1. Residue 32: farther than 20 Å from residue 153 by Cβ, surrounded by 13 or more Cβ atoms within 10 Å (Cβ to Cβ) and either under 16 Å from the mean Cα position of the chain (by Cα) or modelled with pLDDT under 80 (or both), yes or no?
2. So how many residues does segment 92-137 have that are within 16 Å of the chain's Cα centre (by Cα), exposed (fewer than 14 other Cβ atoms within 10 Å of the Cβ) and either in contact (Cβ under 8 Å) with a residue 24 or more places away in the chain or over 27 Å from residue 160 (Cα atoms) (or both)?
3. Can we say residue 150 is in contact (Cβ under 8 Å) with a residue 60 or more places away in the chain and at positive phi?
């Protein structure tokens, strides 16, 4: 009977020891408990615009081309006046672009000008006439890096290049007529002197 009791006692002791060993937390679990509860996962949401921002909602540029009246071109090669208004408190260096909508005029190159602060500056863009008629010119401003400064502006141009040729021809005829009249008068005067 004593031997049976000792066996049961040993078996109970072994069971208690095994239960205590299995209840000991592992090293990762201890580290996790020491660090505190795990933070909740953070989810990020990306909001999308319902519609793109239109040009009308953007603030207007304080430097722009001022459209004027119809420009008349009466020579084959001339300078196109482009008025630029600068409302910024500092002077700005801009590039002036002009592109004709038909082949009656040709703008060979883009020019770069310095526009003083809070004033209107008139840039002179070279233009060549190809044929007579009306031309719509698209003019716009950019920075030296190509950044557009506002929308393009339409400038109306009327080419009358034949007027220059007509004026030159008329002037030549007048000069020739005056020369002939002077020669005739001189000859007549000499004849009168010879007869007297």
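The values are calculated or read from the model by the stated rules, or taken from the named source; none is laboratory data. Worth saying up front: this structure is predicted, and the values here are computed from it rather than measured. Don't worry about glycine lacking a Cβ; one is built from the backbone with ideal geometry, like all the others, and counts go over all protein chains shown.
1. Numbers: farther than 20 Å from residue 153 by Cβ: yes; surrounded by 13 or more Cβ atoms within 10 Å (Cβ to Cβ): yes; either under 16 Å from the mean Cα position of the chain (by Cα) or modelled with pLDDT under 80 (or both): yes.
So residue 32 fits the description; yes.
2. 3
3. Values: in contact (Cβ under 8 Å) with a residue 60 or more places away in the chain: yes; at positive phi: yes.
In short, yes.
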